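Report on the structure given below.
The values are calculated or read from the model by the stated rules, or taken from the named source; none is laboratory data. Values in this document were obtained by computation on a predicted structure and should not be read as measured data. Cβ: placed from backbone, ideal geometry, glycine included. Neighbour counts: every protein chain shown.
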Amino acid sequence: MQTKKVKIGAIKPNPNNPRVIKDDKFNKLVQSMRDLPEMADVRPVVVNPDMVVLGGNMRLKAMKVAGWAEVPIVVVDWNEEKQRQFIIKDNLSGGEWDWEMLANQWNPEELADWGLDVWTAPKEVDYGLLDGAGLDGELGALEAGVRKAIQIEFEPQDYDEAAELVKWWRQKGAYVGAMLVEHLQTMKNNRVE
């Protein structure tokens, strides 16, 4: 694989990149691009034949902010599975993960196989440990106005569909929690005992 330089506008950031760098760390990356531009020559941006970034999304973004006109790249012609695997393996250190994107668009078993520490739910949770812990007063003061989350378990065959539905409704601006409560309450009120 040979490195070549292309106009920065020819490269397309990957919309499915699950890795992000927040403000302070990103600003440091921009400064490193200014201070040591040769770094990009030894670690070029990796793109597919369509010029979509597989490795180096944040570096590309930093190069744009730093005012670069050209970017060193390596073009790889890999199948879709190998491209997805590379995106994860190339991002195992530095930055922060977009956990929602990982949860909705990536297979957790593949992520774990590629070296990413992925959270998995325990088989059983003993919530009895919290009973009588005397936390009601302390937690009550903190909960006003705070959005809360609950964990809902799905059978493996239902998970992908559920994740897609939640994502679709969120994109429409819906509050999925309220929709779920309304549906469950209606089912409860209409049940026959």
Taking the stated definitions as given, is V6 over 28 Å from W99 (Cβ atoms), modelled with pLDDT of 90 or more, outside any helix (DSSP H, G or I) and not small (G, A, S)? yes
Among the listed residues N48, N57, which satisfies the condition of being touching an Asp or Glu at 6+ places or on another chain (Cβ under 9 Å) and in the same structural domain as D77 (by TED's automatic domain parsing)? N48
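Give the range 147-193 a look and list any residue that's hydroxyl-bearing (S, T, Y) and either in contact with a Ser or Thr (Cβ under 9 Å, 6 or more places away or on another chain) or under 15 Å from N104 (Cβ atoms) (or both), or say none. Even if it seems obvious, please write down each step before you answer.
Of all residues in the range 147-193, those hydroxyl-bearing (S, T, Y) come to 159, 175, 186.
Within the range 147-193, just Y159 meets the criteria.
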State whether one or more residues within the range 16-23 are within 26 Å of A163 (Cβ to Cβ) and of a type in the set (A, V, I, L, M). yes
Taking the range 29-38 and the residues there that are surrounded by 13 or more Cβ atoms within 10 Å (Cβ to Cβ) and of a type outside the set (S, T, N, Q), the one that is nearest to the chain's Cα centre (by Cα) would be L29
Got a sec? Which of D77, D113 is surrounded by 10 or more Cβ atoms within 10 Å (Cβ to Cβ) and either within 26 Å of the chain's Cα centre (by Cα) or modelled with pLDDT of 70 or more (or both)? D113
Out of A66, A10, sole residue that is small (G, A, S), in contact with a helix residue (DSSP H, G or I) (Cβ under 9 Å, 6 or more places away or on another chain) and on the phi < 0 side of the Ramachandran plot: A66
Looking across the range 167-193 at residues that are among the small types (G, A, S) and in a loop (DSSP other than H, G, I, E, B), the single one that is surrounded by the most Cβ atoms within 10 Å (Cβ to Cβ) is A174
